[in-house]
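The values are calculated or read from the model by the stated rules, or taken from the named source; none is laboratory data. Model, not experiment: these values are computed from the prediction. Neighbour counts run over all protein chains shown; Cβ positions are idealised from the backbone, glycine included. Remember, those area values only see protein heavy atoms, side chains included, never the ligands or the DNA or RNA. Shrake-Rupley method; radii C 1.70, N 1.55, O 1.52, S 1.80 Å.
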Amino acid sequence: LSLGIVTAACGSSSGVDGNKPLNELTRDDNEKLCEYTADLMKDVFDGTNARRALCSFQGFAFEQSGLGTCEDLRDECMKDDDDLDDEFDDGFTVCDDDDDFLDFPETCDVTVKEFEDCIRAMRDRMKDAFSDITCDSLRSEEGENIFDDLDDPSNIPACESVVERCER
């Protein structure tokens with residue numbers, strides 16, 4: 001459940017009946033919800049905000065090692081032709097495993113719609129966090145984790161009930 005919540009959604013629905021409780025998902029439903037969650041994560045890494053953020057992290061780390069300025073190193077990284085979304089596609093195979101990716105406890109009566117609302121809210125929060133990351137923000141944070149508020153999905157209003165009702 002935690003990875004499903006922490007990953008955060010492209011389309012408006014997974015195609016699974018939105019009124020269906022998570023504890024009643026079939027294997028096919030679980031697979032659809034897993035793919036939907038994976039698509040949401042891909043959406044987080046799509047676009048320049050994610051690239052700029054990741055390149056800023058890299059530039060900041062290299063700057064701390066005396067290898068140049070964060071901005072110069074970030075800008076060089078931004079010129080890289082690698083597609084972050086393709087790299088994510090290559091590495092994200094959890095939906096291909098035999099085990100259920102989204103293994104919900106029997107007591108989890110949250111509906112698919114509530115879960116989808118939560119992971120879309122997580123996606124939005126993650127995208128916002130990426131857009132806030134710059135060399136200056138990293139310097140001013142003095143190493144603080146800009147994603148700290150994502151450690152606990154219950155801090156996101158759309159996820160409060162999901163976390164509470166599906167906790168193990």
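Measuring from label point to label point, each 7 Å out along Cα→Cβ, what is the Ser12 to Thr48 span in nm?
According to this spin-label approximation, the distance is 3.0 nm.
Within region 12-75, what whole-number % of the accessible surface is contributed by carbon and sulfur, with the 1.4 Å probe and all protein chains included in the calculation?
46
Could you compute the FRET efficiency for Ser161 and Ser140, with r as their C-beta to C-beta distance and R0 at 25 Å, rounded to 0.05?
0.10
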